[in-house]
């Protein structure tokens, strides 16, 4: 049984910038959960399928990506979800939401996902610290990040399938959009 999720992953330079921020939070505030996966925008939350279904999933994603078009993504500033998660915010949400909705439609037709594996909405972002930040450290970390400047952008040219290796998430396969840059 394989454990997967689907995401947009930015180019290496932005991944590095986000990784440095994750390391800073881990060092200062002890929140290490976000270090288990690369910088990404989740398009499909983690789900399990039988190993024999993996080739069908790969074909489905290849077909899906071949019908998508590149789009720009602007990342700007830091935000939070309640007092649990700190993230770099995606300013250009609409194109990400459109790809998310198309992907969810295709997955709902072709995969038999359990209810808890179905994503119903998306808030595009790059997680820097998640639930392991803790109630004591969250206010300190948020005070540290809330007014910081952060700007970047990239062209989304593909989607990625990530697979869990038992400890962390690894990039398993990239599926390029119809008009790569």
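Just a few scattered comments:
- When 7, 26 are checked against the criterion of being under 23 Å from residue 130 (Cβ atoms), surrounded by 16 or more Cβ atoms within 10 Å (Cβ to Cβ) and more than 18 Å from the chain's Cα centre (by Cα), 26 stands alone in meeting it.
- Residue within region 131-144 that is under 22 Å from residue 73 (Cβ atoms) and modelled with pLDDT of 95 or more present: no
- Each residue in region 29-40 was checked for being in contact (Cβ under 8 Å) with a residue 40 or more places away in the chain, within 15 Å of the chain's Cα centre (by Cα) and in a helix (DSSP H, G or I), and 3 of them qualify.
- Qualifying position, being touching a helix residue (DSSP H, G or I) at 6+ places or on another chain (Cβ under 9 Å), closer than 16 Å to residue 104 by Cα and in a helix (DSSP H, G or I), among 60, 43: 60
A quick yes/no check of all residues on (1) over 16 Å from the mean Cα position of the chain (by Cα); (2) within 18 Å of residue 96 (Cα to Cα); (3) surrounded by fewer than 14 Cβ atoms within 10 Å (Cβ to Cβ); (4) free of Cβ contacts under 8 Å to residues at least 60 places away in the same chain:
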residue: 121; (1), (2), (3), (4): no, yes, yes, yes
residue: 126; (1), (2), (3), (4): no, yes, no, no
residue: 130; (1), (2), (3), (4): no, no, no, no
residue: 134; (1), (2), (3), (4): yes, no, no, no
residue: 139; (1), (2), (3), (4): yes, no, yes, yes
residue: 145; (1), (2), (3), (4): yes, no, no, no
residue: 151; (1), (2), (3), (4): yes, yes, yes, no
residue: 154; (1), (2), (3), (4): no, yes, no, no
residue: 157; (1), (2), (3), (4): no, yes, no, no
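- Filtered by the rule that a residue be within 16 Å of residue 177 (Cβ to Cβ), buried (at least 16 other Cβ atoms within 10 Å of the Cβ) and touching a strand residue (DSSP E or B) at 6+ places or on another chain (Cβ under 7 Å), region 41-63 gives 41, 43, 61.
- Extreme residue, surrounded by the fewest Cβ atoms within 10 Å (Cβ to Cβ), among residues of region 64-76 that are outside any loop (DSSP other than H, G, I, E, B) and in contact with a helix residue (DSSP H, G or I) (Cβ under 9 Å, 6 or more places away or on another chain): 72
- Test: residue in region 102-115 that is within 19 Å of residue 77 (Cα to Cα) and out of contact with any strand residue (DSSP E or B) (no Cβ under 7 Å at 6 or more places or on another chain): no
For (1) modelled with pLDDT of 90 or more; (2) touching a helix residue (DSSP H, G or I) at 6+ places or on another chain (Cβ under 9 Å), each residue gets a yes or a no:
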site: 83; (1), (2): no, yes
site: 86; (1), (2): yes, yes
site: 91; (1), (2): yes, no
site: 94; (1), (2): yes, no
site: 97; (1), (2): yes, no
site: 102; (1), (2): yes, yes
site: 105; (1), (2): yes, no
site: 113; (1), (2): yes, yes
site: 121; (1), (2): yes, yes
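Residues checked against (1) more than 30 Å from residue 62 (Cα to Cα); (2) touching a strand residue (DSSP E or B) at 6+ places or on another chain (Cβ under 9 Å); (3) outside any loop (DSSP other than H, G, I, E, B):
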| position | (1), (2), (3) |
| --- | --- |
| 123 | no, yes, no |
| 127 | no, yes, yes |
| 132 | yes, no, yes |
| 140 | yes, no, yes |
| 148 | yes, yes, no |
| 153 | no, yes, yes |
| 167 | no, no, no |
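- Matching residues in region 10-23 - criterion: being touching a residue at least 40 places away in the same chain (Cβ under 8 Å) and either surrounded by 16 or more Cβ atoms within 10 Å (Cβ to Cβ) or under 20 Å from residue 85 (Cα atoms) (or both): 10, 14, 17, 18, 21, 22
The values are calculated or read from the model by the stated rules, or taken from the named source; none is laboratory data. What you see is a predicted model; the values in this text were computed from it and never measured. Counting neighbours? That spans all protein chains shown, and the Cβs are built from the backbone with ideal geometry, glycine included.
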